[in-house]
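J.: Sharing a structure here in structure tokens format.
The values are calculated or read from the model by the stated rules, or taken from the named source; none is laboratory data. Since we're looking at a predicted model, the values are computed, not measured. All Cβ positions, even for glycine, are placed from backbone atoms using ideal geometry, and neighbour counts span all protein chains on display.
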Amino acid sequence: MTIAFRDFSWTPVHGSRPVLDRLDLTVAPGERLLLVGPSGSGKSTALHAVAGALGTTLVGEASGSVEVEGRIGMVTQNPSSSIVADRVGRDVAFGPENLGLPRDEIWRRVDEALAAVGLPHDRDRFTSALSGGERHRLALAGALATRPDVLLLDEPTSMLDPVLAEATRDAVLRVVGGRSLVVVEHRFDLWLEHVDRVVVLDAGRVVFDGSVRDFRVAAVPEALWMPGRPVPVPVEVPADLVRPVEPITVSATDLVVDQVTRGLRGTERTRAVRGLTVELHPETLTAFVGPSGAGKSTALLALGGLIRPVSGRVDPPSEIGWCPQDPELGFVATSVRREIEATPHALDRAVDVDALLEAVGLAGRGDDHPYRLSGGEQRRLALAASAAHRPGLLLADEPTVGQDRGTWALVAGWLGSAARHGATVAVATHDPDLPRDRDVLLQAGEAVS
């Protein structure tokens with residue numbers, strides 16, 4: 001057997017409950033397994049257990065055992081945590097170098113892996129200049145270049161546009177061949193016809209284990225994005241939690257923004273936004289959409305006054321709420337409760353922490369460390385923390401990534417409620433289901449509609 005969990009439990013340090021609870025699960029050599037479940041059910045933790053990260057990279061208390069045979073390749077939910085070099089080529093080469101391969105073979109694998117994932121940059125591109133979706137593809141290329149016996153993928157397509165998501169899936173299936181594959185996804189439609197088996201986790205335990213055919217008709221948790229289920233109705237958030245202290249309008253004219261990366265070997269300047277003219281108004285939710293690498297995140301940063309434009313004009317708002325694509329970038333406290341309190345206390349504003357935590361599905365988690373939450377839970381915490389002071393401008397980068405149907409309704413409800421009660425809300429997103437008032441479509445940094 002390639003992977004075997006035997007009565008395995010795991011509770012992270014500062015965690016209030018076990019994330020995996022007496023888990024028994026086996027993955028056979030060459031098997032393709034889809035691992036799904038509600039947000040916080042233990043999916044990512046199970047992958048980290050297979051990779052040997054629990055107790056080392058992630059500290060906590062374990063019991064039982066996890067047995068693994070063969071070399072492992074893993075792409076984590078946060079691709080930035082996998083980047084080890086300043087250049088794309090060097091980053092992908094890291095794994096093959098550690099395998100002691102000849103130089104020619106290393107670079108052959110690097111080029112093959114980059115081509116397989118469709119990353120449109122050469123070897124010398126700065127890794128820090130990549131978009132979130134491009135970093136996902138870089139991390140996948142690094143894993144594929146080692147040609148692992150077991151490939152573990154945590155939300156590998158969640159940050160990609162639909163076309164790239166399908167292309168990435170096809171690249172994985174081509175490269176994995178007869179090796180073992182374990183994929184974790186919330187939006188798992190595109191994987192269903194390409195796996196041998198589906199396992200559903202809930203509260204750290206297996207609640208379904210069977211074929212794709214049986215999975216389609218099984219009684220599985222309502223939180224799963226099952227094919228055919230309707231898009232959830234967003235959950236309304238009380239006005240006193242989201243009504244802005246002061247309404248804000250943002251206006252930008254002919255905005256040009258470069259992404260500048262500096263390193264020991266020089267400086268790289270990339271034109272990320274080209275001539276953007278847009279107005280963001282109170283009581284409006286605007287979605288910046290477009291393919292991966294189109295400039296959506298950079299546009300949000302510029303509109304919020306968080307990055308300086310090369311030319312053009314934008315009136316920087318006096319106060320914003322910023323929810324970054326990588327939620328850990330915004331964490332400043334050692335507990336969920338203190339994270340929520342940080343900005344309101346700095347501004348001498350009252351905040352109902354318990355009401356906020358309930359609104360984002362984190363009730364009872366106030367004493368947990370933010371880094372011990374699941375990826376989806378971290379994103380919801382980042383949203384609540386960025387909006388706790390009730391800013392007039394709320395900017396959120398891919399806020400619905402990593403959410404099940406229930407928690408998606410909480411996030412969508414928060415954004416919509418904030419706009420309805422007077423906030424100016426803008427998001428960068430690939431989510432076609434997120435309700436909004438208008439789209440701004442970006443292509444290569446330019447607004448085309």
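J.: In this structure, does residue 430 turn out to be modelled with pLDDT under 95, in a loop (DSSP other than H, G, I, E, B), out of contact with any Cys (no Cβ under 9 Å at 6 or more places or on another chain) and not assigned by TED's automatic domain parsing to the domain that holds residue 79?
T.: It is true that residue 430 is modelled with pLDDT under 95, in a loop (DSSP other than H, G, I, E, B), out of contact with any Cys (no Cβ under 9 Å at 6 or more places or on another chain) and not assigned by TED's automatic domain parsing to the domain that holds residue 79.
J.: If you don't mind, another one. Looking at (1) out of contact with any helix residue (DSSP H, G or I) (no Cβ under 6 Å at 6 or more places or on another chain); (2) of a type in the set (A, V, I, L, M); (3) within 30 Å of residue 56 (Cα to Cα), which one does residue 387 not meet, given that it meets all the others?
T.: With (1) out of contact with any helix residue (DSSP H, G or I) (no Cβ under 6 Å at 6 or more places or on another chain); (2) of a type in the set (A, V, I, L, M); (3) within 30 Å of residue 56 (Cα to Cα) applied to residue 387, the lone miss is (3).
Rundown of residues vs (1) assigned to a loop (DSSP other than H, G, I, E, B); (2) of a type in the set (Ser, Thr, Tyr); (3) under 24 Å from the mean Cα position of the chain (by Cα), yes/no style:
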{"site": "245", "(1), (2), (3)": "yes, no, no"}
{"site": "252", "(1), (2), (3)": "no, no, no"}
{"site": "259", "(1), (2), (3)": "no, no, yes"}
{"site": "273", "(1), (2), (3)": "no, no, yes"}
{"site": "278", "(1), (2), (3)": "no, no, no"}
{"site": "282", "(1), (2), (3)": "yes, no, no"}
{"site": "288", "(1), (2), (3)": "no, no, yes"}
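J.: Confirm whether residue 367 is among the acidic types (Asp, Glu), under 17 Å from residue 233 (Cα atoms), out of contact with any helix residue (DSSP H, G or I) (no Cβ under 6 Å at 6 or more places or on another chain) and in a loop (DSSP other than H, G, I, E, B).
T.: Criteria not met by residue 367.
J.: Okay, next question. Would you say residue 349 is out of contact with any strand residue (DSSP E or B) (no Cβ under 9 Å at 6 or more places or on another chain), touching a residue at least 40 places away in the same chain (Cβ under 8 Å), among the basic types (Lys, Arg) and in the same structural domain as residue 251 (by TED's automatic domain parsing)?
T.: It is true that residue 349 is out of contact with any strand residue (DSSP E or B) (no Cβ under 9 Å at 6 or more places or on another chain), touching a residue at least 40 places away in the same chain (Cβ under 8 Å), among the basic types (Lys, Arg) and in the same structural domain as residue 251 (by TED's automatic domain parsing).
J.: Check 268, 328, 339 and return the single one that is farther than 30 Å from residue 405 by Cβ and not hydroxyl-bearing (Ser, Thr, Tyr).
T.: Just a single option satisfies the conditions, and that option is 268.
J.: A further question follows. Out of 157, 168, I need the residue that is in a helix (DSSP H, G or I), modelled with pLDDT under 90 and under 19 Å from the mean Cα position of the chain (by Cα). Which one?
T.: 168
J.: If you go through segment 79-92 one residue at a time, do you hit one that is on the phi < 0 side of the Ramachandran plot and in a strand (DSSP E or B)?
T.: Yes, segment 79-92 contains at least one residue that is on the phi < 0 side of the Ramachandran plot and in a strand (DSSP E or B).
J.: Answer yes or no: is there a residue in segment 306-324 that is closer than 30 Å to residue 369 by Cβ, part of a loop (DSSP other than H, G, I, E, B) and out of contact with any Gly (no Cβ under 7 Å at 6 or more places or on another chain).
T.: So far as segment 306-324 goes, yes, one or more of its residues are closer than 30 Å to residue 369 by Cβ, part of a loop (DSSP other than H, G, I, E, B) and out of contact with any Gly (no Cβ under 7 Å at 6 or more places or on another chain).
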